[in-house]
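Visitor: Okay, here's the structure, questions in a sec.
The values are calculated or read from the model by the stated rules, or taken from the named source; none is laboratory data. Since the structure is predicted, the reported quantities are computational estimates derived from the model, not experimental observations. Positions of Cβ are backbone-derived with ideal geometry, glycine not excepted, and every protein chain shown enters the neighbour counts. The area values use the complete protein model at the heavy-atom level, side chains included, leaving out ligands, DNA and RNA. Shrake-Rupley method; radii C 1.70, N 1.55, O 1.52, S 1.80 Å.
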Amino acid sequence: MNAHTALIQTNVEAYLQQHEQKDILRFITCGSVDDGKSTLIGRMLHDSKTVYQDQLAAIEKDSKTVGTTGEAADLALLVDGLQSEREQGITIDVAYRYFSSELRKFIIADTPGHEQYTRNMATGASSADLAVLLIDARYGVQAQTRRHSYICSLLGIRHFVVAINKMDLVDYSETVFENIKNEFQALAERFPQVENYFVPLSALAGDNVVQASNHMPWYQGDTLLGLLNHIDVSVESQAEELRLPVQYVNRPHLNFRGYCGTLASGELHTGQVVTALPSGQTSTVKEILVGNQAVAKAIPGQALTVTLNDEIDISRGDQIVGEQHQATISDEFKAHIVWMNEDELVPGKRYDFKMGTRYISGTVSALDWQLDINSLEKQNASELPLNGIGEAHISLTEAVVYDTYQSNRTTGSFVVIDRLTNATVGAGMISKVLDKKTDDTADNVDQFASEVTPQMRASIKPHNSRCVWTSNLTDGHRMEVALHRQGFHTYLLDLNYDSPAALKPLLEAGLIVVVVSNSRDLETIKTALQCCSLTELPNDRIDTAMIDSVIQQCSKD
């Protein structure tokens, strides 16, 4: 019996008071199919003693018909509730589970591992503060690991617990754990804003889930539950700027006008000066009602009704913000899109967008890039396929109130709706403000970072970017002419007259640069050439075979 259980039995009121004061951690479990996500959650619920006896009895009974663990209870069935999930042994829909430890309350989103259910995974991640990324110790980092890591990072999750599962199937090998840890750390360099934790475990056997494992004495860190108890996510939960999207104007009689909604961020208190957007009219808070109870202050997440001391114009879809906390009002912005429909996202097509409590029509006016999930490189794209991730330019039919997703996850996100089927086809996170009235502001213009990457420029050329280096000007001319006749995009750079600084942008533009340089520039040129593939021509006069060799090196397969 732990102190948690003992307090329930001896003093229920004290337990309830203690329970009410615990903070809440929302986290998601994700990874490839069959990595053991549902089993892990089932194990966590079971070992933390939050499964009722009748539930456990039902699971033991069901395990005999649809379980995958032989005679033992299949704890994954605690989470996989749908009949099709049990029959296939996979997770299809997002399943939410709730439990608490002595230190925290938890809301878990168990999400599918199949690529076709990426939409469900993104839904679960959208409200999470932390991600538990499962990796099968037998296979290491997979494509879904990369996809889910990127989506979690994109959705603003700043803490990853990398749970390397099924250690029992690799003899609890420290070497396997360290190799996978190093593999993921190389991937994690793409997410410098994310803090990573690693834990080796076996969800099936219960090693390092709630109780420390006797099979892995080489691991001295916290168990998974220990990490979840202590990782501090309070910074992410404390957006300070007041945002109250108005969902409903409540006017039961002539003497009452209240504005209903869920407080997205900041604190609201009576007497506070607020501004209604987009009208820009200002008033002060007269009364705050949570249910039928008048309160002096409201906090994020509370559904409330607020009345003001002035009759100002506020409608459904408007936002009440702090006087000093102005939001952007614009009909254009850039956003990261996760596409969730079998019909591709097509630039120029009209869609509906649900932003907070407001529906509005608009178009994806341009698709800037699509992500290659294997390399995590940006690529050119004319359409975005199912489960594709990209960045797009959104144009709406009228101005709306919004923030960037980075500054506010609630007022910086939206969903895309097909106008014909009314199906949700995409999820978006606003990445950049585009305001025509202030188009020369730093927020609108990223002066030094082009949306077109060197990889994207190279992808539309019939050759790879490369530097061909010679000290002989005649050879340089001959080589450039030969390459040009093959349809290659070339440039002859004579560093006896031109600046070495010109080399890097030419290479980033995807060109084959034939560099002519004398020995005095040798060290400078070598430093500059570290950024690309290099072919050095011999000091002897080049022949036809040498030219053919260079053409072959430059050509794409």
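Visitor: Does the range 254-265 include one or more residues that are under 18 Å from VAL321 (Cβ atoms), surrounded by fewer than 20 Cβ atoms within 10 Å (Cβ to Cβ) and at pLDDT below 90?
Guide: Within the range 254-265, not a single residue is under 18 Å from VAL321 (Cβ atoms), surrounded by fewer than 20 Cβ atoms within 10 Å (Cβ to Cβ) and at pLDDT below 90.
Table: residues versus (1) in contact with a Phe, Trp or Tyr (Cβ under 7 Å, 6 or more places away or on another chain); (2) under 27 Å from GLU189 (Cα atoms).
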position	(1), (2)
ALA327	yes, no
ASP331	no, no
ALA335	no, yes
TRP339	no, yes
LYS378	yes, yes
ILE394	yes, no
ALA399	no, no
TYR402	yes, no
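Visitor: What number of residues within the range 241-253 satisfy the criterion of being open to solvent by less than 40 Å² (accessible area, probe 1.4 Å) and over 36 Å from the mean Cα position of the chain (by Cα)?
Guide: Number of matching residues: 0.
Visitor: Among the residues of the range 25-35, is there at least one that is open to solvent by 20 Å² or more (accessible area, probe 1.4 Å), part of a strand (DSSP E or B), charged (D, E, K, R) and at pLDDT 80 or above?
Guide: yes
Visitor: A further question follows. If I ask for residues that are out of contact with any Ser or Thr (no Cβ under 9 Å at 6 or more places or on another chain), modelled with pLDDT of 75 or more and assigned to a loop (DSSP other than H, G, I, E, B), which ones from the range 416-452 would you list?
Guide: Result: LEU420, THR421, ASN422, ALA423.
Visitor: What residue, among those in the range 196-208 that are in contact with an Asp or Glu (Cβ under 6 Å, 6 or more places away or on another chain) and among the aliphatic types (A, V, I, L, M), is most open to solvent (accessible area, probe 1.4 Å)?
Guide: If we take residues in the range 196-208 being in contact with an Asp or Glu (Cβ under 6 Å, 6 or more places away or on another chain) and among the aliphatic types (A, V, I, L, M), then ALA205 is most open to solvent (accessible area, probe 1.4 Å).
Visitor: Oh, and also: Restricting attention to the range 283-309, and to residues there that are of a type in the set (S, T, N, Q) and out of contact with any Lys or Arg (no Cβ under 6 Å at 6 or more places or on another chain), which single residue is least open to solvent (accessible area, probe 1.4 Å)?
Guide: Within the range 283-309, the first condition is being of a type in the set (S, T, N, Q), and the residues that meet it are 283-284, 292-293, 302, 305, 307, 309.
Narrowing further to those that are out of contact with any Lys or Arg (no Cβ under 6 Å at 6 or more places or on another chain): 283-284, 292-293, 302, 305.
On the way: SER283: 4, THR284: 41, ASN292: 160, GLN293: 119, GLN302: 58, THR305: 23 Å².
My answer is SER283.
Visitor: Let me ask another. Kindly indicate the residue of the range 209-222 that is in contact with a Ser or Thr (Cβ under 8 Å, 6 or more places away or on another chain) and under 25 Å from VAL233 (Cβ atoms) and also least open to solvent (accessible area, probe 1.4 Å) among those meeting that condition.
Guide: VAL209
Visitor: Are any of the residues in the range 511-525 surrounded by fewer than 16 Cβ atoms within 10 Å (Cβ to Cβ), modelled with pLDDT of 80 or more and hydrophobic (A, V, I, L, M, F, W, C)?
Guide: The answer is no, given that none of the residues of the range 511-525 is surrounded by fewer than 16 Cβ atoms within 10 Å (Cβ to Cβ), modelled with pLDDT of 80 or more and hydrophobic (A, V, I, L, M, F, W, C).
Each row is one residue, and each column tells you yes or no for (1) free of Cβ contacts under 8 Å to residues at least 60 places away in the same chain; (2) closer than 21 Å to TYR402 by Cα.
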residue: ALA264; (1), (2): no, yes
residue: ALA276; (1), (2): yes, yes
residue: GLY280; (1), (2): yes, yes
residue: LEU289; (1), (2): yes, no
residue: LYS297; (1), (2): yes, no
residue: ILE312; (1), (2): yes, yes
residue: SER315; (1), (2): no, yes
residue: VAL321; (1), (2): no, yes
residue: GLN324; (1), (2): yes, yes
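Visitor: Restricting the range 450-477 to residues that are surrounded by fewer than 17 Cβ atoms within 10 Å (Cβ to Cβ) and among the aliphatic types (A, V, I, L, M), which is nearest to THR544 (Cα to Cα)?
Guide: Going through the qualifying residues, I end up with LEU473.
Visitor: In this structure, is VAL176 aliphatic (A, V, I, L, M), touching a strand residue (DSSP E or B) at 6+ places or on another chain (Cβ under 6 Å) and surrounded by 18 or more Cβ atoms within 10 Å (Cβ to Cβ)?
Guide: no
Visitor: For the range 110-123, state whether one or more residues are at pLDDT 80 or above and surrounded by fewer than 19 Cβ atoms within 10 Å (Cβ to Cβ).
Guide: No, there is no match, as no residue in the range 110-123 is at pLDDT 80 or above and surrounded by fewer than 19 Cβ atoms within 10 Å (Cβ to Cβ).
Visitor: Please identify the pairs in which a residue from the range 162-175 that is β-branched (Val, Ile, Thr) has its Cβ atom under 7 Å from the Cβ atom of a residue that is open to solvent by 30 Å² or more (accessible area, probe 1.4 Å) and not in a strand (DSSP E or B), counting only partners at least 6 apart or on another chain.
Guide: Every condition considered, the pairs that remain are VAL170/ARG138; VAL170/VAL176.
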